[in-house]
1. So for the chain, averaging the separation of alpha carbon pairs under 8 Å that are six or more residues apart and normalising by length, what relative contact order in percent results?
2. Is it possible to state the helix-based mean residue ellipticity at 222 nm for the chain, with each DSSP H run of 4+ residues giving -39500 (n - 2.57), the sum divided by total residues, to the nearest 500 deg cm²/dmol? What is it?
3. What are the ³J(HN,Hα) values, in whole Hz, obtained from phi via the Karplus relation 6.51 cos²θ - 1.76 cosθ + 1.60 with θ = phi - 60°, for each residue of segment 215-223 in sequence order, with x given for Gly and Pro?
4. Which residue fluctuates most in the GNM of the chain (Cα springs below 10 Å): 65, 215, 41?
5. Can you tell me which of 77, 161, 40 moves the most in a GNM of the chain? Springs connect C-alpha atoms under 10 Å apart.
6. Can you compute the modelled spin-label distance between residue 214 and residue 65, with each label point 7 Å from Cα toward Cβ, in nm?
7. Given labels modelled 7 Å from the Cα in the Cβ direction, how far is it in nm from residue 191 to residue 173?
8. DSSP loop (so not H, G, I, E, B), at most 16 other Cβ within 10 Å: list which chymotrypsin sites (Phe, Trp or Tyr not before Pro) in segment 58-121 pass both filters.
Amino acid sequence: MHNVLILGLAALAAAAPAKRQVPHYPPTSLSNGFFLVANVTDPSLDLSPSINGWVFQTAHTGPPTNAAVLQAPGSSVPGRVFYENGTAEQVHYGQSTVITDGATPPTPFGIFIQSPTEFDITYPTEHDLFVNAGPGTPSRITDFPNPYPILQNNQGVGTFVACNNTVPYYGYKFITINYAYATFEGPDGGYEYHANIPEGCAPINLVPQCTTLNTLPPDAYASHEFAAPVRCYDDVAAIDWTQYGP
Ligand SMILES: *[C@@H]1O[C@H](CO)[C@@H](O)[C@H](O)[C@H]1NC(C)=O
Ligand SMILES: *[C@@H]1O[C@H](CO)[C@@H](O)[C@H](O)[C@H]1NC(C)=O
Ligand SMILES: *[C@@H]1O[C@H](CO)[C@@H](O)[C@H](O)[C@H]1NC(C)=O
């Protein structure tokens, strides 16, 4: 799989106009278990302190529900381990979902991303992410020809964002993970790109970092039979992105 990928990129490079730099990207491995690490894609909008390299964690908000939050590095608790669940066909058609196992016995908790018409109650311009019992909304880790593996929300074009929000269940602030849907309409129906990043939020990619997917006890409700292999990095925070790209 890895070799096929390298060949694919080489073919692309050969087809590119002679003057262009040969594209060159950080090496990836394949794994069916991964952490999701925040990479701030516009450093001018980063929060303070910086949330670059923070890891996807869940904050319990009720028996089957959690808010999606970012946890600072160096915590004694690891981030959530995720897997992309679906047959090869479901992955291909954008019907897979991204799941973490929670509770005892282990139960699948999917990532649920609000649709373009669903909004947070407290922050009415923001779309929330939840990690709740169930399959989750369609999402995947991007594959070739996308040069970088990242979490993709299959419900619409946009970007994940990190916001310093109060979670009502706790009454205090977390760095929550939200989603900003892009819109493409300008005045008079013309084309105009709007990223719609909410005020005070930082645009992030959620980048998979390879880890071992645990084996499940016999009484588990979860199953790893359809955990798809995804491209991931060994250590996202260690990558110097300025050295890469087309
Ligand atoms: C990470 O963010 C930097 C900008 O800070 C950007 O150049 C790079 O392409 C990003 N990589 C991914 C995989 O998001
Ligand atoms: C979030 O907001 C709280 C309270 O307003 C502040 O103390 C904290 O530093 C902020 N964190 C970030 C990462 O912006
Ligand atoms: C995982 O994918 C398989 C194959 O499509 C499906 O049967 C199963 O219900 C999925 N699991 C969850 C929790 O959605």
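Quick note: the coordinates plus some simple rules give every number you see, no bench work behind them. Quick caveat: nothing in here was measured; it's all calculated off a predicted structure. Ideal geometry is used to build each Cβ from the backbone, glycine not excepted, and the neighbour counts take in all protein chains shown.
1. On the way: 544 pairs, mean separation 66.9, N = 246.
After rounding, I find 27 percent.
2. Numbers: 2 runs with 19 residues, N = 246.
So the helix-based figure for the chain works out to -2000 deg cm²/dmol.
3. Rounded to whole hertz, the list is 7, 9, x, x, 8, 5, 7, 7, 9.
4. With Cα springs under 10 Å in the chain, the top fluctuation among 65, 215, 41 is at 215.
5. Of 77, 161, 40, the most mobile in the Gaussian network model is 77.
6. Calculated label separation equals 2.5 nm.
7. Going from the residue 191 label point to the residue 173 one covers 3.9 nm.
8. Values: sites: 82, 83, 93, 109, 112, 119; in loops: 93, 119.
Sparse-neighbourhood loop chymotrypsin sites (Phe, Trp or Tyr not before Pro): 93, 119.
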